[in-house]
Amino acid sequence: MQKFPLRMKDNDLLVTELYRDPSNEPITAISVYLTPKTSICGNWIEIAYGTQSGMVRVIVQHPETVGHGPQLFQTFTVHRSPVTKIKLTEKYLVSVCSDYNHVRSWAMTRFRGMISTHPGSTPLASFKIVSLEGLESSSSVISAGNDCGPFGEQDDEQIFVQKVVPETTELYIRLASNGKRICTIQSVDGTNITSFCAHECEGSSRLGSRPRRFIFTGHSSGAIQMWDLTTALDLAQKGEPATQRTGGPTPEELLRLLDQCDLSTSRASTPCPSPCPILPSASSTCINNSSKLKASNVAFLSQQSQNQIQQNSTGLDRGDEPPLDNSQSPSNQINKL
């Protein structure tokens, strides 16, 4: 707030309305990028926000526009659902909408620290951080402890933490810029992960010290486990990921995770066999202590399965050769989750 004019007698803000969306769209998410401490070009402020219709806008107030309100700089119309999260950093702009955490990212071009239009922002990636919800996971406390992110400082690499099913012992750590998997966290004692959070510690004044990134996980046993992501992030920046798999869970990993869930649409508490939506020939037996997924989540999985079957059958009917690149394979389609 120190960047806006204040009234001298009581330090009250002289600006009551900072900005109004040109389309009068309700603003659903916001991210503020402030002047870095190392800047020598004066103070400025950049604000990225998302709207209810899925629009992403960037407004700026640079030193040359002092005395005026923030000016609309860029607009992106890529989402079809309300934007729930947005993050503007030094290198990237990342937005997430409510359609199963659909993520879009852009590479930002800067000149002397400020966003530049020559060249402009470049679309980078599109992927989903799917997190299937249980029928009993509507509590605000539960949702707050399972926020997928993005996490990180404005001048550092952002990450997503993906928890695929409500009751699981695994988390997938992915780069916010492109969705690639950095590493997989697995509970040490085999207990379910009930909540998690990310934390970054600044480096000390000692020579060679650097910031460290940590993940804290809370477990059904009441224990807390701490994970150091610094090494995995260093390997990812060098192009040497700690895991050879990219993106979210593979089909095999997804089947193993879904095997712990009740995939039936019935609300009955008695065990019942339910077909797996990924492999129609497979079956998964519900157990009393398994988590029941929301009907909309089960429908989503079924739709994904049907789309893959139709794509495969269409290719065979035309007599097409199998795709040579992995981008169209069923395995890679599920990786986008």
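Coordinate-derived values only; no laboratory data. Bear in mind that the values here come from a model prediction, so they are computed numbers and not experimental data.
Once a ≥ b ≥ c are taken as the square roots of the eigenvalues of the Cα gyration tensor of the range 93-137, is the result rounded (a/c under 1.5), prolate (a/b larger than b/c) or oblate (a/b not larger than b/c)?
Prolate, since a/c reaches 1.5 and a/b exceeds b/c.
From the cross-link list LYS128/LYS180; LYS85/LYS180; LYS87/LYS238; LYS85/LYS238, which pairs have alpha carbons spaced over 22 Å apart? Please list the in-between numbers first.
Details: LYS128/LYS180 11 Å; LYS85/LYS180 19 Å; LYS87/LYS238 24 Å; LYS85/LYS238 28 Å.
As for pairs spanning more than 22 Å Cα to Cα, those are LYS87/LYS238; LYS85/LYS238.
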